[in-house]
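S.K.: What follows is a structure written as structure tokens; I'll ask about it next.
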Amino acid sequence: MFKNLNVWFFLSLTISLFVLIPIITVFSSFFENTSDYYQILKETFLIEYILNSTILLFFVLLFTFLLGTGTAYLVSFYNFPLSNFFKWALILSFAVPPYIYAYSLTAFFENYGTAYTILKNLFGDNNYNQNIPKFDGMFGAILSITFSLYAYVYILARASFLYQSQNLIELGKNLGFTKFKSFFKIILPAARPAIVAGLSLVAMETLAEFGAVDFFSINTLTTGIYNSWIAFDDLAFANRLSFFLLLFIFTLFIIENFSRKNAKYHFNNKGGFKQKEKIILLGSKAFLAFIFCFFVFFMSFLFPLGQMLYWTIKFPENFFDLQVFNLLINTLHLVVLSSLVLIIFSLVSNYGNRVSNNKILNIFSTLSISGYAIPGVILAIAFISFIAWFDESIVKSFGLFSIKKIFIGSILGLILVYFIRFYSLAFNGIKSGYEKINISVDESSYLLGYSKRKTFMNIHIPFLRNSLLFIAILISLEIIRELPITLILRPFNFETFATTAYISASEDLLEAAAVPSLFLILIAALFIIITSKYILRDNDK
Amino acid sequence: MTNKNFFEINNVDFNVSGKTKVKNVSFSIENQGDVICLLGPSGIGKTTILRTIAGLEKINSGSIVLNGRTISSKKINIEPEDRNISLAFQDNSLFPHYTVEKNILLGAERNKENKDKKISLKEIVDLLDIFHILNKYPHQISAGEAQRASLARSLITQPDLLLLDEPLSNVDQSFKEEIQVRLKKILNKLKITTIIVTHDSYEAFYLGSKCGIILNQELKQFDDPYKVYHFPNSVEVVNFLNRGILIPAKVTGKNTLENWDLGTIEGNFIKEYPKGSNVQLLLQPEDLEHDDTSNLKLEVVDRKFRGTNFIYTLKTPSNTLIPVFVHSHHIHQHEVDEKFGIKRPIHIDHIVCF
């Protein structure tokens, strides 16, 4: 059990244990006392929190399934006008976080908003406000999250459809199935594990969503956790609420992992795989396919981008008031530091796992990658709880200076929590790169006289170079969009595009939120375009 | 074993993942530059032996000694990178992100301080005929080419001990024999001590000055290829080599035996048996000669055309099936169910009995 213990083993174990801190903190909080807020909440809002979270989850899953699977099916099986463009354009929705989508939706449909202005310019003055639908509250939150997250389902469903062999399709024809029947009897069931994996990711993100639900004043478990900390200063209760939410999320995490393992069967392109030939759609069918994909692309990306651009142009003073350069430097500062730290430690951890091949380490590593399933709000609060406990119980008992200031409200603390949140992204990304390196490659290297360290530096790093770049960009994309951790843990007077947009919006200054939102969307979109080939696992040209 | 041997394995159990694959193995390589081959069926533990010698697996008993230095024992385990042993894996183990040339040059970096380098990249490339793939990446070449590139990388390191795991298993049959000739020449020239693992007995007999047969978790025989073939020391080795059958016989004299179906058989016993002993005689396909004028006639039940020869399977009156080689230019071809004459008296050079 303890064979192959070396410095790499201990480094990997330390990294895994560090990432597990929030989970341990949340679970241990179960035994702590809470304030009266717990009683008040139990008698008043707790049911509402759970009910709202459930309604939100149900409708977001339903809509993301319809949009994600529908668009993936069309671009995978058919050729129609701009189908190749939609193939990657549909993932641009990742550049628009739900909270920015929420601002756009409100800005467009609110009284005297953009829709009103358009109608007024087209048809002159009238009382249009009563005829313009209002997308706020629960419905607004559902739409914002759906259009921002459907791409998870789209990407995984498309990858599954892409690898479905022509043989499978021909089998359907051979059995005399219509296209409709083939879709429901063959294509959809074969892609089910991939779709379930996509939906599980959507579910986890939805339960973790803070910005959009907070903006629409929907009380969910996540906002409840935030409020119990901000408004009632009850960390123990925040952690207790987190515990229930985590149980829920871990169930989804297990389903997602299980589905992903099954999904691998559908990516097998060895032996008998025959590339599909896309069917060319003509006439009204081509038009309908185009309209559907364009609608989704427009609503998910062009609409929020256009709204933010419109406001930036309409209220240029906001652009000049905002210290864009400072925000850019702050954002890049976080992005570069976090990416570096994440990649270096994930590399070390992966290599430690590889050379130690130790069961205990494997268990800790598997547990530690669950960080991505934990909402940022919970991570931030659990981190604060842990530092407070560590400060009170350990540091002060040795008569040392308080360490709270070093970790809370500092760049270091922020990066550490980003590390926990996005560790799985970096770890899994590097792991899948490592899986392509046969273990005999390492052994060959040793036999050529290379030490473990030299093998790592001279053989592995050059091999993983492209993967590392891709992972760095993915991490950057996540950090640019990230809101709750940054909001809770950032140093005083340190703002990013995301926090500036949130603060302006929460002060009802939506026009002022437009400029940072626009920059955020543009930078994120740029990163998505750079990495689209990898995201789509695209080999079909 | 003496300390004069260049390489020694003394009473080693070879394990992988806690399971013993081959027990209590001992053999030695006397001189630097000798080539030995280990033969055995798939999954028997041949690769485990090579991995252990290379230092990739540890041992709990016995010792492995290279050039007077113990490199593996229960207490000593020199790291693979410090052994100067090279192992060419059966499967492609080229570095996937480097070209074939870069892969080979990485091998050349080892022992680069060795000024009297005896082989250059060009020589290796010519030897293994891999010039056309030098600028390609491992995923762009065939399995056979990858195997040759891997072999080149191992050879150029000029290790103290070279371990080759089924080195030519993916090489085309038409090219295999030529590569075997070239490989033998280069190993002789460079005086690289080599252990080759293979399941191809012809390859082992050609390349190795000694052959080890591994069966049922044991090294059954370790000897010259000629002796392994003609004087197998156990029924298991006979069955593994699949080059003959065992028939019952009775020792009737110093140089004779009697078989119920074939009559008297003459020859030189490699081991003495008392007169009247009942034994199992090893009868190899080349031991019997065809003679249609003979009165010993057996029924043909099968005939295999093997290019240079036919292998007839004959049925004796007691229903024993006997293989017989006949030159393929032989004008008398016998069909199935026909009678086939065997020259008498039957004479076998080496009589092997169990």
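S.K.: I need the full set of residues from region B:135-156 which are surrounded by fewer than 24 Cβ atoms within 10 Å (Cβ to Cβ) and within 11 Å of chain A (Cβ to nearest Cβ), in order please.
M.R.: Hits for region B:135-156 are B:Pro138, B:His139.
S.K.: For region A:410-462, give me the residue count where each residue is assigned to a helix (DSSP H, G or I) and more than 14 Å from chain B (Cβ to nearest Cβ). Quick ask: steps written out before the conclusion?
M.R.: First, pick out the residues of region A:410-462 that are assigned to a helix (DSSP H, G or I): A:411-434, A:439-447, A:452-462.
With more than 14 Å from chain B (Cβ to nearest Cβ) added as a condition, the list becomes A:411-432.
So the answer is 22.
S.K.: Just to be sure before I move on: is A:Val355 within 30 Å of B:Gln158 (Cα to Cα) and either among the aliphatic types (A, V, I, L, M) or touching a strand residue (DSSP E or B) at 6+ places or on another chain (Cβ under 9 Å) (or both) in the structure I sent? Spell out the reasoning first.
M.R.: Details: within 30 Å of B:Gln158 (Cα to Cα): yes; either among the aliphatic types (A, V, I, L, M) or touching a strand residue (DSSP E or B) at 6+ places or on another chain (Cβ under 9 Å) (or both): yes.
Yes, satisfied.
S.K.: How many residues are hydroxyl-bearing (Ser, Thr, Tyr) and buried (at least 23 other Cβ atoms within 10 Å of the Cβ) if we restrict to region A:164-210?
M.R.: The first filter runs over region A:164-210 and keeps only residues hydroxyl-bearing (Ser, Thr, Tyr), leaving A:165, A:178, A:182, A:200, A:206.
This time we only want the ones that are buried (at least 23 other Cβ atoms within 10 Å of the Cβ), so: A:200, A:206.
Matching residues across region A:164-210 total 2.
S.K.: Can you name every one of the helices (runs of 4 or more DSSP H) wholly within region A:188-232 that holds 2 or more residues which are over 21 Å from A:Leu143 (Cα atoms)?
M.R.: Details: elements: A:188-208, A:211-215, A:221-230.
Qualifying helices (runs of 4 or more DSSP H): A:188-208, A:221-230.
S.K.: Name the one entry in B:Lys275, B:Lys271 that is surrounded by fewer than 14 Cβ atoms within 10 Å (Cβ to Cβ), among the basic types (Lys, Arg) and closer than 20 Å to B:His230 by Cβ.
M.R.: Details: B:Lys275 fails: closer than 20 Å to B:His230 by Cβ.
Residue meeting the stated conditions: B:Lys271.
S.K.: Just to be sure before I move on: is B:Leu246 touching a strand residue (DSSP E or B) at 6+ places or on another chain (Cβ under 9 Å), more than 26 Å from B:Gln221 (Cα to Cα) and surrounded by 17 or more Cβ atoms within 10 Å (Cβ to Cβ) in the structure I sent? Even if it seems obvious, please write down each step before you answer.
M.R.: Working: touching a strand residue (DSSP E or B) at 6+ places or on another chain (Cβ under 9 Å): yes; more than 26 Å from B:Gln221 (Cα to Cα): no; surrounded by 17 or more Cβ atoms within 10 Å (Cβ to Cβ): yes.
Criteria not met by B:Leu246.
S.K.: Within region B:17-61, how many residues are surrounded by fewer than 16 Cβ atoms within 10 Å (Cβ to Cβ) and over 18 Å from B:Ile192 (Cα atoms)?
M.R.: Total meeting the criteria: 12.
S.K.: Considering region B:53-100 alone, what residues qualify as being more than 12 Å from chain A (Cβ to nearest Cβ) and either part of a helix (DSSP H, G or I) or under 19 Å from the mean Cα position of the chain (by Cα) (or both)?
M.R.: Residue satisfying the conditions is B:Val100 alone.
S.K.: Here's another thing I want to ask about it. Go over the candidates B:Glu123, B:Glu203, B:Glu177 one by one and state the one that is surrounded by fewer than 18 Cβ atoms within 10 Å (Cβ to Cβ) and closer than 27 Å to B:Lys46 by Cβ. Even if it seems obvious, please write down each step before you answer.
M.R.: Values: B:Glu123 fails: closer than 27 Å to B:Lys46 by Cβ; B:Glu203 fails: surrounded by fewer than 18 Cβ atoms within 10 Å (Cβ to Cβ).
None of the others qualify; the one that does is B:Glu177.
S.K.: Please go through (1) within 29 Å of B:Ser234 (Cβ to Cβ); (2) in contact (Cβ under 8 Å) with a residue 24 or more places away in the chain for B:Asp292 and return the number of the only condition it doesn't satisfy.
M.R.: (1)
S.K.: How about region B:278-298: which of its residues are under 30 Å from the mean Cα position of the chain (by Cα) and buried (at least 19 other Cβ atoms within 10 Å of the Cβ)?
M.R.: Once the filter is applied, which keeps residues that are under 30 Å from the mean Cα position of the chain (by Cα) and buried (at least 19 other Cβ atoms within 10 Å of the Cβ), region B:278-298 yields B:Val279, B:Leu281, B:Leu282, B:Leu283, B:Gln284, B:Asp287, B:Leu288.
S.K.: May I ask you to list the residues in region B:155-183 that are closer than 19 Å to B:Ala143 by Cβ and among the hydrophobic types (A, V, I, L, M, F, W, C)?
M.R.: Answer for region B:155-183, where residues must be closer than 19 Å to B:Ala143 by Cβ and among the hydrophobic types (A, V, I, L, M, F, W, C): B:Leu155, B:Leu164, B:Leu168, B:Val171, B:Phe175, B:Ile179, B:Leu183.
S.K.: Let me ask you something else. Return the total of residues in region A:359-409 being in a loop (DSSP other than H, G, I, E, B) and buried (at least 21 other Cβ atoms within 10 Å of the Cβ).
M.R.: Residues flagged as in a loop (DSSP other than H, G, I, E, B) and buried (at least 21 other Cβ atoms within 10 Å of the Cβ) within region A:359-409 amount to 2.
S.K.: State yes or no: is B:Val300 in contact (Cβ under 8 Å) with a residue 24 or more places away in the chain and in contact with a Cys (Cβ under 6 Å, 6 or more places away or on another chain)? Lay out the reasoning, then the answer.
M.R.: Numbers: in contact (Cβ under 8 Å) with a residue 24 or more places away in the chain: yes; in contact with a Cys (Cβ under 6 Å, 6 or more places away or on another chain): no.
So B:Val300 does not fit the description; no.
S.K.: Oh, and also: Scanning region A:459-473 for residues that are in contact with a Ser or Thr (Cβ under 8 Å, 6 or more places away or on another chain) and surrounded by fewer than 20 Cβ atoms within 10 Å (Cβ to Cβ), which turns out farthest from A:Phe519 (Cα to Cα)?
M.R.: Only one residue fits best here, namely A:Ser467.
S.K.: Can you name the residue in region B:296-348 that is outside any loop (DSSP other than H, G, I, E, B) and among the polar types (S, T, N, Q) and is also farthest from B:Leu283 (Cα to Cα) among such residues?
M.R.: Residue satisfying both the conditions and the ranking: B:Asn309.
S.K.: Just checking, does region B:256-265 include any residue being outside any loop (DSSP other than H, G, I, E, B), in contact (Cβ under 8 Å) with a residue 40 or more places away in the chain, hydrophobic (A, V, I, L, M, F, W, C) and surrounded by 17 or more Cβ atoms within 10 Å (Cβ to Cβ)? First the steps, then the outcome.
M.R.: Step one: list which residues in region B:256-265 are outside any loop (DSSP other than H, G, I, E, B), which gives B:256-259, B:263-265.
This time we only want the ones that are in contact (Cβ under 8 Å) with a residue 40 or more places away in the chain, so: B:257, B:263-265.
Within this subset, residues satisfying the condition of being hydrophobic (A, V, I, L, M, F, W, C) are B:257, B:265.
Narrowing the set further to residues that are surrounded by 17 or more Cβ atoms within 10 Å (Cβ to Cβ) leaves B:257, B:265.
Yes, region B:256-265 has at least one match.
S.K.: Tally time: how many residues in region B:268-295 are within 28 Å of B:Lys339 (Cα to Cα) and either in a loop (DSSP other than H, G, I, E, B) or touching an Asp or Glu at 6+ places or on another chain (Cβ under 9 Å) (or both)?
M.R.: Looking only at that region, the number is 9.
S.K.: Kindly list the number of the only condition in (1) under 22 Å from A:Leu66 (Cβ atoms); (2) part of a loop (DSSP other than H, G, I, E, B) that fails for A:Asn126.
M.R.: The number of the failed condition is (1).
S.K.: Please verify whether A:Ile488 is farther than 24 Å from A:Tyr351 by Cβ and β-branched (Val, Ile, Thr), treating the condition exactly as stated.
M.R.: Values: farther than 24 Å from A:Tyr351 by Cβ: yes; β-branched (Val, Ile, Thr): yes.
For A:Ile488, the condition - farther than 24 Å from A:Tyr351 by Cβ and β-branched (Val, Ile, Thr) - is met.
S.K.: In addition: Before we move on, is B:Thr47 within 24 Å of B:Glu218 (Cα to Cα) and touching a residue at least 12 places away in the same chain (Cβ under 8 Å)? So that I can check it myself, show each step before the final result.
M.R.: Values: within 24 Å of B:Glu218 (Cα to Cα): yes; touching a residue at least 12 places away in the same chain (Cβ under 8 Å): yes.
For B:Thr47, the condition - within 24 Å of B:Glu218 (Cα to Cα) and touching a residue at least 12 places away in the same chain (Cβ under 8 Å) - is met.
S.K.: May I ask you to list the residues in region A:481-540 that are assigned to a loop (DSSP other than H, G, I, E, B), charged (D, E, K, R) and modelled with pLDDT of 85 or more? Spell out how you get there, then give the answer.
M.R.: Let us first name the residues in region A:481-540 that are assigned to a loop (DSSP other than H, G, I, E, B), namely A:482-483, A:490-496, A:507-509, A:536-540.
From what is left, the residues that are charged (D, E, K, R) are A:482, A:490, A:495, A:507-508, A:537-538, A:540.
Matches in region A:481-540: A:Glu482, A:Arg490, A:Glu495.
The values are calculated or read from the model by the stated rules, or taken from the named source; none is laboratory data. Just so we're clear, the structure is a prediction, and the values are computed from it rather than from any experiment. We place every Cβ from the backbone using ideal geometry, glycine too, and count neighbours over all the protein chains shown.
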